[in-house]
Each structure stands twice: as structure tokens, then as C-alpha cells.
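Trainee: My questions will all concern the structure given below.
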Amino acid sequence: MNFLRRRLSDSSFVANLPNGYMTDLQRPDSSTSSPASPAMERRHPQPLAASFSSPGSSLFSSFSSAMKPTSQAPSGLMEPPGPSTPVIQRPRILLVIDDAHTDWAKYFHGKKVNGDIEIRVEQAEFSELNLAAYVTGGCMVDMQVMRNGTKVARSFKPDFLLVRQHAHSMALGEDYRSLVIGLQYGGLPAVNSLYSVYNFCSKPWVFSQLIKIFHSLGPEKFPLVEQTFFPNHKPMLTVPHFPVVVKLGHAHAGMGKIKVENQRDYQDITSVVAMAKTYATTEAFIDSKYDIRIQKIGSNYKAYMRTSISGNWKANTGSAMLEQVAMTERYRLWVDSCSEMFGGLDICAVKAVHSKDGRDYIIEVMDSSMPLIGEHVEEDRQLMADLVVSKMSQLLVPGGTVSSPLRPWAPQTKSAKSPGPQPGQPQPRPSPQGGPRQAQSPQPPRSGSPSQQRLSPQGQQPLSPQSGSPQQQRSPGSPQLSRAPSGSSPNQAPLTSQPRPPVQGRGTSQHSEESKKPTPPQPHLNKSQSLTNSLSTSDTSQRGTPNEDEAKAETIRNLRKSFASLFSD
């Protein structure tokens, strides 16, 4: 013992002891005079156990210390994350197809998509563009323009399009419908839509839409001028009344229109149509007092009256006096009806002629390529810019994807109706043979209700129980079976149709009392229906649980009654 005390007093020996090792000889309250016995050492086994488990305890203590801040931190007082780096959205590229006389960049200066995305304007004419369109890559446009005597060429991928130029003009020999097809191929949203721009490349095609509106609203609300279409010169033999106006092909600004006074001049124009190898239209000449133009830009309406000063029968040729007039409900109906064609026109205008006898005649409708007139040209351009920014904010999501406004082939989901009754729904009682089926008031199903007869959709012949239909009815006292899912075996009941075994007690006795009640006879059933009903109920009763002996007995009794009623005659 003295040796042990000397060793404990040695500092080097104590330093080599395992962590946590302590005996009663080292405790301050221990008496040095009382000898240490083995019994006292056995009273304090903790230091020895701690010495052997020191590596594991150190690992556990480090793990618990790491978990302490999480367990002690109250919910809701978590440390907020650091400031995230703001994501800079790339500018959206707007391609404006118009001539160089109008600088569209100044009308979009300071405007942003969704309030935070810049807009970069690229402007060119159809003749200065070329492109390549891809299924997944969109549309890549090549542009070669002359700016201040310098040829500028660059390629870019536009996000939106504003069309302010005609894509087809036979008078100028310009046909850029292939570019319109390429832009539509690349899925580029536009104002107006490229679908409508392509449809406006033929004036008789647009006039056919006016004919539909004419038949829908009637001649009083939509007075359309009478017009005749000829695909070529061959059917152009004569017209009922003169003078007439002959329009050749697809042209703008009063070009390709001839006033014919008599039959001799009409035959000469027919030969011109043959040389042009195009279609032509004829319409009655209207001695006009003035022209009317109603334009719509978004939700802004304006009406103008144009009177010829030079005396030309075409008011848009030569000198004319332009005056803005009041917007009436009649004019609003005209332009609103025309703005619905070809999936919707955001920018359009209706041209009409007011004759000297006080009648109006609608002669034409124009799209976003219409020329702006009057003293509010700057205001109209600003309205177009605001409309384009609004459309870009709607169609261009922040992620850069384009949600197409035209989805003609969107699948329509229809709920499939099963021919049979659904589980839990009341079923109508069968009608007598040859009589009409009468609707019965719905009754809630209960466990002891009698089985019902299954009929075919015509209500004449019962279905066979061996057909495997999941709509078989239950027998009296047996658990109700729900419809089996598609693809399952006809003799295999679904999991939801397996009832739990009855619990011994008051519920079991009540169920047995209900099963002992006599089954009321089926109304208006013949012998074959009763037999089929009994066979179906006996077949269905075999699917019940083995604990329901009373239900099986009741089924046998019903079967005997059915055979007795079958041979009673």
C-alpha cells in the first residue's frame, strides 16, 4: 500500500494514467489514515470503466457536442443565409421589320420586360433579312443593312417580332412569305401574329373572312361591298352593271385597280388579266362622298374621314383632306369583328366608303402593316411600342422560354364514363318486360338490403354471372364488393373489397338478426330473371368470408324459393 501511495505521489506516473482514472486515494475528502480495502475499490467502479471506454466516450462526446447547438437552437431562430448574388437577365432582342424612315429604337428607350429586363431593338426590312430556323434552336436571323453609308452585317436570335411591312406585294415584285414561314417555323411570337401575317398575303383570302362576318352580323350591321372573284381571266365574260372596279392580284396603296365604264373596256382588261396570270376581283363602283378608316391599336380606337380634293375616284391617290371623326358604336363593331379573324389581330384597320346617297360600304381590312395617318402618328407609334412591351411581358417568361399564344393542337382530356354503375351509387330498379324504365328515388345502400337484378344496357336480358364483369351484385348479408381495377382477374376481388372479420359482441348479433329477416320478392321479374339472379347471388356469395355462415344459409334458402317459383306453374 505504501508503494502504491508513493507511485501516486509521483507526477510522471499520474500523467501516464488513462483519462478519468481516479481512486479514493486521490480524492480530497478521503482519509489517508484509513487503509484502502478491496471492498471500497469495488464501490467505485466508474473510474475503471471510464478508463476502458475512453476512446468511444471521446468519440461520443465529440458527436454530442456537435449535435448540441442544433438541438438547443429553437426553431425559427435559424441563422439567415448570406446575401445571394443577383442574377442579371440577358436583354431581350426585339426585331422590328420596317423601313429606315422610322427609328423604332427611340420608342422603346427605357422600356423593360417585366420591369427589369432590357430590350434591344434590331430594325431591318424584309429585303435585308435572311434566316435559318431549327426545331429546338429557334430562329437565327442574319441581317445586312446600310447605316450612314456603311454596310452592317450581324447575326442574332430574336425573342420577339413587330411586323410593320407588307410581306407580299405583286406591284413591287416582292414576296417574302418564305421569311414569314421561317419565322413561324422558329416559334417566334410577334405582333401581329405570324399566322395572321401570312394569311394577309392575299386580299381575296382576307375578303373571305369579311364575308363570314357579313353572314354572321347581317347587311345592316356589317355592310360589305358586293364583290366577285375570278381565279383567272377565262370566266371573266361580262358583268351585270357598269361601271365596275377591277382589282388585279394582290397590291396596296391603290395600285392594280381600274375603273371600267363599258363592256368594250372590260374585254380589254380581261386580256390584261390573262397577261398578268393572276386572279382578279370585280365590284360595283360606288360614287363616294368620302372614305372612312377605323383603326384599332390594342384597346385604342380612332376614326378618320378622308375626302379627295383632286377629284380622283380613289381617295388615297392625289390630294385629300383628312379629318378625325367621333368613334361611334357602329364603327367599333366593325373593327372589333375584324380584329377576331386569324386568331386575333392586335393592330388592324377597316376601310369603308360613304356614298353620296348616304350609305356605307366596307371594302377592306388591314393588319399591323397599315400606314399611320393623321396628326397622331407619334402617339400611335408609342401605343404600338407599349403594346409590344405588354405582349413580351406576357409571352416571355424570366427563364427565357417562350409560351406560344397559339396552341391549336392542345390535347383535351375527357373523363371516361364506364357503362356500369359506380360503387356506392344508387342503381335504378329494372322495369317490367316491354315497359318503360321509371326513375326511382336514390336510396342509401345498407348491409342487409336485398340483391338487385343486373340488366343489360337495353334493360331486357340479364347478364351472365360467368361473364367476369366486375359489376356483379352482392348476395343478401354478404359484404359489398367494389369494382375491380382494369387488368385484374374477374374472379379476384380488389383489396378494398375484403371486409374485416366481424368482432364478437353486439355488432355480430345485430348483423345476424338483420340477415335472418325475410327477403322481399323482386317486383316484376319473370322466372328466367329470378333464376339468373339466384345463380349470380350464389356465385357472388362464394367470395365472402368463411365466418358468414348465416349469409350462405340465407342464399341457399333464396335459391330454393326461386326454383319453387320457377316450377309453380
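Trainee: Top to bottom by accessible area (1.4 Å), largest first, where do Lys259, Lys247 land?
Mentor: Lys259, Lys247
Trainee: With a 1.4 Å probe and all protein chains kept in place, how do Lys552, Lys351 rank by accessible area, largest first? Present the calculation step by step, with values, prior to reporting the outcome.
Mentor: On the way: Lys552 90, Lys351 35 Å².
Largest to smallest exposure gives the sequence Lys552, Lys351.
Trainee: Please report the carbon-and-sulfur percent of the accessible area for segment 162-201; probe 1.4 Å, protein heavy atoms only, DNA, RNA and ligands left out.
Mentor: 52
Trainee: Now, a different point. What does the accessible area of Glu174 come to, in Å² to the nearest 10, when a probe of 1.4 Å is used?
Mentor: The accessible area comes out at roughly 60 Å².
Trainee: Taking all protein chains as present, what is the carbon and sulfur share of the accessible area of segment 236-321, in % to the nearest whole number, probe 1.4 Å? The partial results should precede the final answer.
Mentor: Values: 2380 of 4210 Å².
Within segment 236-321, the accessible surface is 57 percent carbon and sulfur.
Trainee: Suppose accessible area is computed on protein heavy atoms with a 1.4 Å probe; arrange Arg381, Arg177, Arg120 from highest to lowest. Let's see the in-between values first.
Mentor: Values: Arg381 50, Arg177 75, Arg120 95 Å².
Final ranking, largest accessible area leading: Arg120, Arg177, Arg381.
Trainee: Per residue, how much accessible area does segment 204-319 have with a 1.4 Å probe, in Å²?
Mentor: 53
Trainee: Can you pull the percent of Cα pairs in segment 286-401 with separation above 26 Å?
Mentor: Numbers: 1722 of 6670 pairs.
That fraction is 26 percent.
Trainee: Scattering from the C-alpha atoms of segment 92-158 alone, worked out with Debye: what is log10 I(q)/I(0) at q = 0.29 1/Å?
Mentor: These q points yield log10 I(q)/I(0) values of -1.29.
Trainee: Here is a further query. How large are Rg and Dmax for segment 177-252 when calculated on the C-alpha trace, in angstrom?
Mentor: 16.4, 49
Trainee: Kirkwood hydrodynamic radius for segment 246-292: how many Å is it when counted over pairs of different Cα atoms?
Mentor: The answer is 11.8 Å.
Trainee: Here is a further query. Sort all Cα-Cα distances of segment 117-198 into consecutive 10 angstrom bins from zero, then give the percent of pairs in each bin up to the one containing the longest distance.
Mentor: In order of increasing distance, the bins hold 17, 50, 29, 4, 0 percent.
Trainee: For a 31 Å ceiling on Cα separation, which of these pairs sit above it: Lys112/Lys212; Lys111/Lys221; Lys234/Lys296; Lys257/Lys391; Lys234/Lys302; Lys221/Lys257?
Mentor: Beyond 31 Å between Cα atoms: Lys112/Lys212; Lys111/Lys221; Lys234/Lys296; Lys257/Lys391; Lys234/Lys302.
Trainee: Sticking with this structure for a sec: Among 206-214, 308-316, 190-198, how do they line up from the highest to the lowest mean number of other beta-carbon atoms within 10 Å?
Mentor: Details: 206-214: 17.0, 308-316: 14.6, 190-198: 22.9.
For the peptides 206-214, 308-316, 190-198, the packing ranking is 190-198, 206-214, 308-316.
Trainee: While we're looking at this one, here's another question. State the answer as a single residue: which of Gln144, His109, Ala133 lies farthest towards the positive end of the charge dipole of segment 93-155, with beta carbon charges of +1 for Lys and Arg and -1 for Asp and Glu, about the Cα centre.
Mentor: Selected residue: His109.
The values are calculated or read from the model by the stated rules, or taken from the named source; none is laboratory data. On a predicted model such as this, the values are computed, not experimentally measured, just so you know. Every residue, glycine as well, gets a Cβ built from its backbone with ideal geometry; the counts of neighbours run over all protein chains shown. Surface areas here come from the heavy atoms of the whole protein model, side chains and all, with no ligands, DNA or RNA. Shrake-Rupley method; radii C 1.70, N 1.55, O 1.52, S 1.80 Å.
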